[in-house]
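Structure first, then comments.
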Amino acid sequence: MFDSARLAQILHAHEGVEGPLLPILHDIQESFGHIPEAALEPIAEALRLSRAEVVGVVGFYHDFRKTPAGAHVIKLCRAEACQSMGGAALQARLEAALGQKMGETKNGVTLEAVYCLGLCACAPAAMVDDRLVGRLDAGRVDTIAQEVRA
Amino acid sequence: MKVWVPADAAARACGADEVASAITAAAKQRGVTVELIRNGTRGMVWLEPLVEVETPEGRRAFGPMTPEDVTALFDAPDSHPKAQGLTEEIPFFKRQTRLTFARCGRIDPLSLMDYEAEGGLAGLRAALARPPAEIVEEIVASGLRGRGGAGFPTGIKWRTVLGAKAAQKYIVCNADEGDSGSFADRMLMEGDPFCLIEGMAIAGLATGATQGYVYIRSEYPDAIRVMRAAVEAATRAGILGADVMGSGRAFRMEIRVGAGAYVCGEETSLLNSLEGKRGVVRAKPPLPALEGFMGRPTVVNNVLSLAAVPWIMAHGGAAYNAIGINRSRGTIPLQIAGNVKHGGLFETGFGITLGEIVTEIAGGTASGRPIKAVQVGGPLGAYHPVSEFDLPFCYEEFAGQGGLVGHAGMIIHDEGADMLALARFAMEFCAIESCGKCTPCRIGAVRGVETLDRVAAGDPTALPLIEDLCNTMQLGSLCALGGFTPYPVLSAIRHFPEEFTPMREAAE
């Protein structure tokens, strides 16, 4: 939940930092799970920016969420190294098992694409919440689908 | 009993944490005292989790380990089915020239004692004894070129920053390693973080910069954690701070985290992002060396460029320059990935051929099927067919073949690869990641996807349009994202024309 005292704390902690906006946005997302609409104006005021500038920055980066993610987040790599090891077929399998497409949040699970986790020599790879998984195959994909739905 | 289990992200993704727990549990059960060290990876990723055990002859390797394999590690190590012999005698490892990655996988990444015992800080000490201009000339003499992909001479960049007059200058390390097939930056930051810190401190001394930033992509949480801990430890030890190793000179460092934008690997876009703006590309000039972070003189170097610096300062620029071919000097940490039998990091002098790397060292594909193409240099690099396997690995030769070395990642594809789908993906990726500043990239990539879909649908008029579009993107884009996306597309068309003809549909 949004909490203006926590936001004030975050803004205060970044006083004197060079280029503070990204670190502030990361901390806000860490605290609230997304960048709440109500945070935009106070950020703009603290950094002497226009609200539009803050909105522009939030919208530019794939990481910043306008709404909270599901309780579980699966980031499946779609980049070339993972494709070379059958990543596309595993993506289709995972989408079918979860009943949702990449980019969707459903039943508390967010499924999204990531473009490289740096695990290209043990591809295909994914990140399930904070856990990295390499050498994905059909069996591992099924296990992940079961875990996040449990 | 001294045992190493890597905490590198690739090892963890393959179950290293579970193996480490199993070792601790088995030791406890047997009443054996085990000193368990979580090292970086040796880079032989196909063997991860690679467990090492200390013996009088040297460290013995076992891998790829599972928790079930742990019991035999204690009971019958000599006949262990996963025994690989002495780690440093494994041919993949033995054939390398490890300068930048000399310590990676050998030491506890956050132990400064280990770091110094294996040659760490010798470069910084050498630099502290010399005036800035001499440090810069040593780097110029080494022939080191930007390992991020652009290949600009590192020493020349430093010389420009040294010559710039300003109250505040910066060293910015580009650790936004977004290229698929690349993981050397991540591996170094997780396995030998002090090496990067030392390189940055030397860059600071050489140019008069007193503040450094490492911009790490958010997809690398382990690297971020290790680098933050290392900066803290180095500051506590007086290697960073107001008085670098008692020299009276200042250099401070801070870790910054990206937010999932591939284009921020482009240096001017990275600087905008670091300043808290949208990561759009800046037009050059002005060069970042003169007007970079906050409009002040800034060195922007890749992780691998900066991590090569301590070795060069400790051993001399001439020693580094003695390795390599043409104007590609020193070593290049190759990253062999994708559909490959022996994937991992292989550091070697420039000049080795693509075929030697892919077939001899990497052993061909993981699937066992013939190789179809190797994409070198990330999503913006060309696809090279087997007929180009005699290409020596260096900046000039790859540029001559309509390709690029890039960050030296290579992705192997077997004969099952669909080249039209891969070409389409190149355009799709460019469309997703375009910063939107210039039209050829922003609009061109979208049109590229649409037009390749027309090719797939059998439209014979579409292919000439693709060639024309690629020409516009190549010549008209502001940065390498739009400018190089045509490389994978055009190389796929050139080498595999049969997959782009209207006959394709009919044949299927």
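The values are calculated or read from the model by the stated rules, or taken from the named source; none is laboratory data. In this text, all values refer to a predicted model and were calculated from it rather than measured experimentally. Every residue, glycine among them, receives a Cβ derived from its backbone with ideal geometry; neighbour counts consider all protein chains shown.
Out of B:Arg225, B:Arg252, one residue alone is within 14 Å of chain A (Cβ to nearest Cβ), charged (D, E, K, R) and in a strand (DSSP E or B). It is B:Arg252.
Of everything in the range A:103-150, what is polar (S, T, N, Q), within 14 Å of B:Gly15 (Cβ to Cβ) and in a loop (DSSP other than H, G, I, E, B)? Give them in sequence order. Steps first, answer last, please.
Just the residues of the range A:103-150 that are polar (S, T, N, Q), to begin with: A:105, A:107, A:110, A:143, A:146.
The next check asks that each one be within 14 Å of B:Gly15 (Cβ to Cβ); those that pass are A:143.
None - no residue of the range A:103-150 is polar (S, T, N, Q), within 14 Å of B:Gly15 (Cβ to Cβ) and in a loop (DSSP other than H, G, I, E, B), so the list stays empty.
Across the range B:145-195, the number of residues qualifying as more than 14 Å from chain A (Cβ to nearest Cβ), in contact (Cβ under 8 Å) with a residue 60 or more places away in the chain, outside any helix (DSSP H, G or I) and under 27 Å from B:Leu380 (Cα atoms) comes to 9.
Inside the range B:1-20, residues that are more than 14 Å from chain A (Cβ to nearest Cβ) and at pLDDT 95 or above make up a count of 5.
Does B:Gly402 count as surrounded by fewer than 24 Cβ atoms within 10 Å (Cβ to Cβ) and within 12 Å of chain A (Cβ to nearest Cβ)? So B:Gly402 fails the test. Of all the numbered requirements in (1) of a type in the set (A, V, I, L, M); (2) under 28 Å from B:Val263 (Cβ atoms); (3) over 25 Å from the mean Cα position of the chain (by Cα), B:Val161 misses one, and that requirement is (3).
A:Val58: within 14 Å of chain B (Cβ to nearest Cβ) and surrounded by 21 or more Cβ atoms within 10 Å (Cβ to Cβ), yes or no? Yes: the conditions hold for A:Val58.
Within the range B:429-443, being buried (at least 17 other Cβ atoms within 10 Å of the Cβ) and either more than 20 Å from B:Cys264 (Cβ to Cβ) or hydroxyl-bearing (Ser, Thr, Tyr) (or both) holds for B:Ser434, B:Ile443.
Going by the conditions given, is A:Ala52 modelled with pLDDT of 95 or more, in contact with a Cys (Cβ under 8 Å, 6 or more places away or on another chain) and either more than 14 Å from chain B (Cβ to nearest Cβ) or not in a loop (DSSP other than H, G, I, E, B) (or both)?
Taking the combined requirement at face value, the residue does not satisfy it.
The residues of the range B:29-48 that are under 20 Å from the mean Cα position of the chain (by Cα) and more than 10 Å from chain A (Cβ to nearest Cβ), listed by number, are B:Asn39, B:Gly40, B:Arg42, B:Leu47.
Pairing residues of the range A:88-108 that are free of Cβ contacts under 8 Å to residues at least 12 places away in the same chain with residues that are surrounded by 14 or more Cβ atoms within 10 Å (Cβ to Cβ) and of a type in the set (D, E, K, R), at Cβ distances under 6 Å and at least 6 apart in sequence or on separate chains, gives A:Lys101/A:Glu95; A:Gly103/A:Glu112.
Can B:Glu396 be described as in contact (Cβ under 8 Å) with a residue 60 or more places away in the chain and within 14 Å of chain A (Cβ to nearest Cβ)? No, not satisfied.
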